[in-house]
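The next block holds one structure in the form of structure tokens; read it before the comments.
The values are calculated or read from the model by the stated rules, or taken from the named source; none is laboratory data. Just so it is clear, the model here is predicted, and its values are computed rather than measured. Virtual Cβ from ideal backbone geometry, glycine too; neighbours counted across all protein chains shown.
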């Protein structure tokens, strides 16, 4: 008796989670469509760095601590970016 009640409860919870996952996927799809319509999709694009290739970061106006760094992440902001206040 108790086992069948627990099995039924687990089944109901599994169905509920499946429905919630579907709703979340649909919300993400709607958000993507809104971003597409507004032209706000992020897309990678090449950046021409030929004029600074081989130079140290400090010679290009960056922090001198980057001269000895083995790796770094660069973030380019779009014209729609709002500066932090």
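Tally the residues that are surrounded by 10 or more Cβ atoms within 10 Å (Cβ to Cβ) and either more than 24 Å from the chain's Cα centre (by Cα) or within 17 Å of residue 75 (Cα to Cα) (or both), restricting the search to the stretch 33-54. Residues flagged as surrounded by 10 or more Cβ atoms within 10 Å (Cβ to Cβ) and either more than 24 Å from the chain's Cα centre (by Cα) or within 17 Å of residue 75 (Cα to Cα) (or both) within the stretch 33-54 amount to 3. Entry remark, the stretch 20-75: residues being in contact with a helix residue (DSSP H, G or I) (Cβ under 6 Å, 6 or more places away or on another chain) and either part of a helix (DSSP H, G or I) or modelled with pLDDT of 85 or more (or both) number 8 in total.
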